[in-house]
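Before any comments, here is the structure.
The values are calculated or read from the model by the stated rules, or taken from the named source; none is laboratory data. It should be emphasised that the depicted structure is a prediction, and the values quoted were computed from it without experimental measurement. Virtual Cβ from ideal backbone geometry, glycine too; neighbours counted across all protein chains shown.
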Amino acid sequence: MRPAPAITPPVLIIVRRGESPRKCTIRPLRGSLGITFLAYPLRSRPDLARHLLLTPDAPPLTPDDAHRPLLLLDASWRHAQAMLRAVQPVEARSIPPGWQTAYPRSAKTHTDPPAGLATIEALYAALCTLGHRHDHLLDSYPWRDTFLTLNLPLLPPP
């Protein structure tokens, strides 16, 4: 079996301590080439000068951004705001319109953004937008087939 290709551009994922491991969609990617994980709260602030933060309320990501490393915050939507303050200032981009989540939402105390994707979905959609389709990223995602079916018109050729 061939090893999975390195992810490009590089990706930094900051994961909130205390998130449920069984709900975490991104955890299976630990150890993947091109993906670095840091725990939040951060012990020290990483250099984020070139990174693009993926967030729903920013200008859309375009292929012109392909040379910039990506930054993702992995937490429930409720905790993401506090994490956001810890990485500011950082330039942000959103996933282009049309991508749909397959993750079953069950928030009872807050509302999830309508265009909000699970972390693994956001990473996959961002990389597809940048011209890099990495289907192996979804290998451990339980809603993989549903996500791919929902977003078929947006997928670049394999």
Out of all the residues in region 120-147, which are assigned to a helix (DSSP H, G or I) and surrounded by fewer than 16 Cβ atoms within 10 Å (Cβ to Cβ)?
Asp135, His136, Asp145, Thr146
Out of (1) closer than 20 Å to Pro46 by Cα; (2) touching a residue at least 12 places away in the same chain (Cβ under 8 Å); (3) not β-branched (Val, Ile, Thr), what's the single condition that is false for Gly98?
(1)
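If we keep just the residues of region 30-83 that are of a type in the set (Gly, Ala, Ser) and not in a loop (DSSP other than H, G, I, E, B), which is modelled with the highest pLDDT? Can you show your working first?
So in region 30-83, the residues of a type in the set (Gly, Ala, Ser) come out as 31-32, 34, 39, 44, 49, 58, 66, 75-76, 80, 82.
Add one more test, that the residue is not in a loop (DSSP other than H, G, I, E, B), and what stays is 39, 80, 82.
Values: Ala39: 93, Ala80: 82, Ala82: 85.
So the residue we want is Ala39.
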Condition first: in contact (Cβ under 8 Å) with a residue 60 or more places away in the chain, surrounded by 11 or more Cβ atoms within 10 Å (Cβ to Cβ) and small (Gly, Ala, Ser). Can you find one or more residues in region 44-63 that meet it?
no
